[in-house]
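Right, one structure below, let's go through it.
The values are calculated or read from the model by the stated rules, or taken from the named source; none is laboratory data. This structure is a prediction, so every number in the text was calculated from the model and none was measured. All Cβ positions, even for glycine, are placed from backbone atoms using ideal geometry, and neighbour counts span all protein chains on display.
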Amino acid sequence: MSDKRPTGSSGRSTNPGQKGLSIEEAVRERARRSRQRAIIIGGALLVVVVVVVAVALILSRPSPTPPGPTGAATGSTGATTGSTGATGKATEGGAESVQPPGAQGTGGILVGQDLVPGGPAPAADEAVTVEIISDFVCPWCGLLEQAHGQALAAKAQAGEIRLVIHPVNNSLLTDLNDNYSWRSMLAVDTVAALEPDKFWAFHEVLWENQPEESQDGDELTDQQIADLAKEVGVSQATIDQLSDSPAAEWARWSSDQGLAGAGGTPTVLMYFAGSEPEVWNAWLLQGTNEAGEQAYVPGDLDAAIANVRAGNKPDAAE
């Protein structure tokens with residue numbers, strides 16, 4: 001009896017793994033199965049990749065932001081366009097509103113070393129940020145401007161501080177002077193947004209012409225505000241928009257943000273290198289004299305700035 005493995009005329013093998021197939025057919029079958037496994041594995045991997053990419057896209061989608069620019073009280077800014085033209089849009093209640101260059105997440109306006117909103121300024125970890133929250137009717141705000149306005153401007157120009165101007169519409173003063181708090185703030189915000197290179201001069205001339213805090217009709221009319229704007233070189237095209245302003249929604253949001261963080265006017269907030277804003281009014285404003293009467297004595301601005309830079313809080317400052 002022969003011990004040879006029986007084969008048919010076609011040379012088929014009786015190998016249990018490929019029963020009934022020739023060697024060539026077995027090789028082709030093995031290749032076919034390998035291709036099927038590769039297709040299955042590849043498809044599964046493709047599904048995994050698609051899921052991972054979809055999750056990554058969802059997680060990377062920016063969170064909704066409130067009206068106004070991004071950034072927090074650490075001094076980060078919204079987009080800026082330099083010294084001319086409005087930048088960005090804020091959305092509130094479905095209405096679009098332009099915002100000034102240098103607009104901050106706090107609602108204030110960062111002025112550069114050229115005193116222009118959005119102009120070149122030191123980084124938040126290079127200089128102390130000084131944010132002045134004030135109302136153009138508030139008499140104490142006017143006193144603060146008289147005492148420290150020029151010094152703050154000089155320090156900003158020298159790059160010693162980051163100066164943030166934050167006009168607000170103080171609800172306690174709204175009924176005084178024919179709503180001058182709102183009208184003056186809106187005019188300043190509008191010039192900051194549309195002609196930022198005229199902002200500082202307009203801001204200063206409004207302080208120089210501050211009305212009395214009363215109901216005696218001493219307020220500036222819209223025409224007088226327009227005349228002051230024209231006096232410092234604001235264009236007629238911008239003046240025509242001071243009352244019906246494209247920055248109105250941003251101005252309302254900015255005022256709300258400022259009053260929420262201040263509690264009153266004026267408020268001087270200072271912070272450095274990401275520290276929490278602290279109120280330094282007590283260092284710059286003296287509330288009473290020796291007789292207990294309301295008075296004002298300018299404080300030491302340089303000492304306050306040095307303490308902020310050193311990380312000291314107002315109640316522990318030296």
Helices (runs of 4 or more DSSP H) lying entirely in segment 231-317 (those with 2 or more residues that are modelled with pLDDT under 95):
248-262, 281-284, 301-309
Top-ranked residue in segment 155-198 [being assigned to a loop (DSSP other than H, G, I, E, B) and closer than 16 Å to I132 by Cβ; ranked as modelled with the lowest pLDDT]
N170
Taking segment 116-142, which residues are in a loop (DSSP other than H, G, I, E, B) and farther than 16 Å from A193 by Cβ?
P120, A121, P122, A123, A124, D125, E126, A127, D135, F136, V137, C138
Failed condition for F202, given (1) free of Cβ contacts under 8 Å to residues at least 24 places away in the same chain; (2) part of a helix (DSSP H, G or I); (3) not hydroxyl-bearing (S, T, Y)
(1)
Within segment 242-252, tally of residues that are surrounded by fewer than 20 Cβ atoms within 10 Å (Cβ to Cβ) and either in contact (Cβ under 8 Å) with a residue 12 or more places away in the chain or not assigned by TED's automatic domain parsing to the domain that holds Q146 (or both)
3
When you check Q104 against the structure, is it closer than 22 Å to A306 by Cα and either touching a residue at least 60 places away in the same chain (Cβ under 8 Å) or more than 16 Å from the chain's Cα centre (by Cα) (or both), yes or no?
no
Checking the structure you have, find out if any residue of segment 141-158 is closer than 28 Å to A306 by Cβ, crowded, with 24+ Cβ neighbours inside 10 Å and not hydrophobic (A, V, I, L, M, F, W, C).
no
